[in-house]
Amino acid sequence: AADQLATEEQQKESLPKRTDKAESKTENGSLMVVQKNTSILVGANGRRLGYGSWEEVTLLAAGGDQESGLMLSFRDAVKNEHQVDPNTAARFLRARKGHLEKTLKMFRAERAWRAAESVDEALTEPPPAVDDALRAGFNPILLNEKDKLGRPIVFASVGDLDVGALTKQGVTTQMLMRRTVRESERMRLAVEASAAPLAGHLLIQDIRHCTVGKFLRSTKFFSGQAKVSQDYYPELLGQLLCLRGPPAAAWAVSQAKRFLDKETGAKIRLEVGDPRAPLLELVDADVAEKII
């Protein structure tokens, strides 16, 4: 009994110490903080931005942490189907507001989708014959740089995307969706390898040249994109910054939000005019110039 009590006391001592005070990890301190006396990154809303191991999760659960306890239950429920890592478990649980049964349903649907769509082959399969036209019309790029919060950055110029025009060049919606899946896989791997894997990534979209006609011709693709992102890559979007918005941009963004859940829609920020100021809030000057 004495040994057991000693072990329990050691476990309590090894748990991260909570404090009301925190040190900023950003210049303005508004988005990411680190708990004092710990190495745990937390967001401004108090959510952890990453778990190092299942051992850490187990200790947190023993200390009464609710999310950690749910993560262990989720892991045990799928252990005969898939060896899930802690951050993936946290992402899916957060996407379903901690409801275990809904989380399991979502995760199993994602596993079935990956198998049906051969997602594991997306990064190694040969490009389509019309790849030049596809790249010219839709070519998201994962940058080597990170934003000021250490998040991976994906840049895409979507203002020139015109599904109707691409169709005439032999580019199908299926090809566009496959390119979306390929780049989503690149993004997922980059986020998982980052210092704060639950902070997601920064998606920057240049929407200049976007027109109502182009948007309407691309609606089917945009809705398909939104479904893939929400259902199969949950909680990987940290923020979406839309730059150089034309006059119709506010309407287009409001329409795009119809395909998204409320929380994802709240992550969208629309900017018009010179993109430098909004970019410099999120990335270093050299990265901003590269994007521009």
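Loop-located trypsin sites (Lys or Arg not before Pro) in region 40-78 (DSSP state other than H, G, I, E, B) with a sparse environment of at most 14 neighbouring Cβ atoms within 10 Å: ARG47. Hydrodynamic analysis of region 83-147 uses the Kirkwood radius over alpha carbon pairs. Inserted into Stokes-Einstein at 37 °C and 0.692 mPa s, it gives a translational diffusion coefficient of 220 µm²/s.
From the cross-link list LYS105/LYS146; LYS79/LYS102; LYS148/LYS220; LYS220/LYS262; LYS148/LYS290; LYS220/LYS267, which pairs have alpha carbons spaced over 25 Å apart? Show your work: numbers first, answer last.
Numbers: LYS105/LYS146 33 Å; LYS79/LYS102 17 Å; LYS148/LYS220 34 Å; LYS220/LYS262 20 Å; LYS148/LYS290 15 Å; LYS220/LYS267 22 Å.
From LYS105/LYS146; LYS79/LYS102; LYS148/LYS220; LYS220/LYS262; LYS148/LYS290; LYS220/LYS267, over 25 Å: LYS105/LYS146; LYS148/LYS220.
Protection proxy ranking of 183-191, 96-104, by the mean of other Cβ atoms within 10 Å over each peptide's residues and highest first, is 183-191, 96-104.
For a Förster distance of 25 Å, can you work out the FRET efficiency between the beta-carbons of THR172 and ARG258, rounded to the nearest 0.05? Display every interim value, and only then the final one.
On the way: r = 24 Å, r/R0 = 0.96.
Efficiency computed from Cβ-Cβ geometry: 0.55.
Between LEU142 and ALA156, the simple label model (points 7 Å from Cα in the Cβ direction) yields a spacing of 1.4 nm.
Extension gain for SER223 to LYS290 (0.36 nm times residue separation, less C-alpha to C-alpha distance): 21.2 nm.
Each label was represented as a point 7 Å from its Cα along the Cα-to-Cβ direction; for SER118 and ARG276 these points are 4.8 nm apart.
Computed from the coordinates by the stated procedures, all read-outs in this text should not be read as laboratory data. Only a predicted model underlies this, so the values are computations on that prediction, with no experimental measurement involved. Cβ atoms come from the backbone with ideal geometry, glycine included; neighbour counts cover every protein chain shown.
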